[in-house]
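First up is the structure itself, then whatever we jot down about it.
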Amino acid sequence: MKAVEFNEYGGPDVLRLVEVDMPRPGSGEIRIKVHAAGVNPSDWKRREGQYRAFEEMDFPAGLGVEGSGIVTEVGPGVTDVAIGDAVFGFGNAMMAEQAILTHWARKPDVIPFEVAAGLPVISDTAMRALDQVGIQEKQTLLVSGAAGGVGTAVLQLAGLRGITVIGTASAGKQEYLASLGAIPTTYGEGLAERVRALAPLGIDAAIDIAGSGIIPELITIVGDASHVLSVADFSAEEYGAKFSHGPPVDPARLFTTMAQLCATGAFTLHIEKTFSLDQVRQAQETSQSGSVTGKLVVRVD
């Protein structure tokens, strides 16, 4: 079967589409015929070696941690799904024709495989960030870099919790933020003044998604470093802010909740562009550009 692998850290040119053996699920795992796999910044950061200080990697290494597809084999101890079921979730080496899922939920028929494939990482990251930043119903949250996949999830999940959200993005993405229920504004010089005009009673917490070096400014805006959190800036804790990272907590339950929200229209995920398996390099280059609205997905079948 075909899969994307890399044998060394580096740029997109280290990625190769190669023939590999069919993976076999272990205890508590399932194998799926991959229909779609989500593209995430963690994919290219891992490829570049940014995680090597705290994550071991054996080469050749696969790529991708989330996807959707049809179950083709179940491992020992798995009783909640069967061969032929449509599922989505977290897995290993998802940029492949078949891959192993370690955590999953059933995919409702009304949710396209592309959308399901893009849900796990953004929903887990967004939910964890909202739980950790210290924000409550009827309070106001500032989200920096809100137009990407994680931002898309944070804005909507915060809104469902009764939180007022101000989101920052480029001038061309203001309408997109508003469509997700946020009060939009642009980033850059004068942010504090713009936010003050939009929220004269103040900002209760802030989440940095872009990792653009904005942590000190967010702390000034909020007035309390303990209520500022980043999901992308490793230096956040140096300023007294929080850095949010895994491992996921009860992901299967979260995925089931997200599937229900999507199926009822309470949560939407915009897929900006899909790529084929032989276009993974281009997918990562697009992700690394930092200008994605919503989510990028690799379509495998």
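Adding -39500 (n - 2.57) for every DSSP H run of four residues or longer, then dividing by how many residues the chain holds, sets the calculated 222 nm ellipticity at -8000 deg cm²/dmol.
Shape analysis of the range 142-301 based on the Cα gyration tensor places the equivalent ellipsoid semi-axes at 26, 18, 17 Å, largest first. Per-residue 3J(HN,Hα) values for the range 160-168, derived from phi via the Karplus relation 6.51 cos²θ - 1.76 cosθ + 1.60 with θ = phi - 60°, read 5, 8, x, 9, 7, 10, 9, x, 10 Hz in sequence order (x marks Gly and Pro). The Cα atoms of the range 156-220 cover 28, 26, 23 Å along the three principal axes, with the biggest extent listed first. Plainly put, the chain has a radius of gyration that is 0.98 times its Kirkwood radius, both from alpha-carbon atoms, as the Rg/Rh ratio.
Ranked by the mean number of other Cβ atoms within 10 Å of their residues, highest first, the peptides 247-255, 125-133 come out as 125-133, 247-255.
Estimated from the Cβ-Cβ distance and a Förster radius of 30 angstrom, the FRET efficiency linking residue 2 and residue 272 is about 0.75.
Quick one: Kirkwood hydrodynamic radius for the range 115-225, alpha-carbon pairs, angstrom, one decimal?
Numbers: mean 1/r = 0.0728 Å⁻¹.
It is 13.7 Å.
Database remark: amide H of residue 40 closer than 5 angstrom to no amide H (H placed geometrically; neighbours at sequence offset of 5 or more, or on other chains; Pro and chain starts carry no H). Can you tell me what percent of all Cα-Cα pairs in the range 15-149 are more than 27 Å apart? The calculated P(r) of the range 15-149 puts 28 percent of pairs beyond 27 Å.
Within 10 Å, count the other beta carbons around each residue, average over each peptide in 260-268, 54-62, 208-216, 274-282, and list them highest first.
Values: 260-268: 14.6, 54-62: 11.1, 208-216: 20.6, 274-282: 16.6.
Descending packing order for the listed peptides: 208-216, 274-282, 260-268, 54-62.
Each of 210, 199, 220 was placed along the dipole of the range 181-226 (beta-carbon charges, centred on the mean Cα), and the one lying farthest toward the positive end is 199. Do any GluC sites (Glu not before Pro) in the range 1-43 lie in a loop, going by DSSP, with at most 14 other beta-carbon atoms within 10 Å of their beta carbon, and if so which? Those that pass, being in a loop and sparsely packed, are 8.
Bear in mind these aren't lab numbers, they're just calculated from the coordinates by the rules spelled out. Please read these numbers as outputs of a predicted model, since none were measured by experiment. In this analysis, Cβ positions are derived from the backbone assuming ideal geometry, glycine residues included, and neighbour counts consider all displayed protein chains.
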